[in-house]
Amino acid sequence: MRLINRGSQQSPLARRACDLALAAHAERYGDYGRSKMKETYTVRVEGVKVWVEIVNRKASYVATAMTGMRRLRSLPGQVA
């Protein structure tokens, strides 16, 4: 499984939070997590709580830190 950290594009705080959440997720599910499943982790970094969403893909785990507003375009069920 590849571990993809999308928090590295946001800030150093988000990068560290995503790294911690990815490590916990990989330890919990190993290389065989169920595809298309989302899980949210709450991580404390430097005294700040950061929510990290991890999505299981076919061959990777993708972590994104929820630090700002969510784009409505990204929500499921939206027609462009």
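Here, each number is a calculation from the coordinates, and none is a lab measurement. None of the values given here were measured: they were computed from a predicted structure. Glycine also receives a Cβ, built like all others from the backbone with ideal geometry; neighbour counts cover every protein chain displayed.
Based on DSSP H runs of at least 4 residues, each adding -39500 (n - 2.57), what is the mean residue ellipticity at 222 nm of the chain after dividing by all its residues, to the nearest 500 deg cm²/dmol?
-7500 deg cm²/dmol
Which order do the peptides 5-11, 33-39, 23-29 take when ranked by the mean count of other beta-carbon atoms within 10 Å per residue, highest first? Before the final figure, lay out each step's value.
On the way: 5-11: 16.7, 33-39: 11.7, 23-29: 13.7.
My ranking of the peptides, most packed first, is 5-11, 23-29, 33-39.
Please compute P(r) over all alpha-carbon pairs of the chain, binned at 5 Å starting from zero, and give each bin as a whole-number percent.
Using 5 Å bins, I get a P(r) of 3, 16, 26, 23, 17, 11, 3, 1 for the chain.
Taking the Cβ of each residue in 52, 45 as the centre, tally the other Cβ atoms inside 10 Å and list the residues starting with the fewest.
45, 52
Considering Cα pairs under 8 angstrom that are at least six residues apart, work out the relative contact order of the stretch 2-74 and quote it in whole percent.
Relative contact order here is 35 percent.
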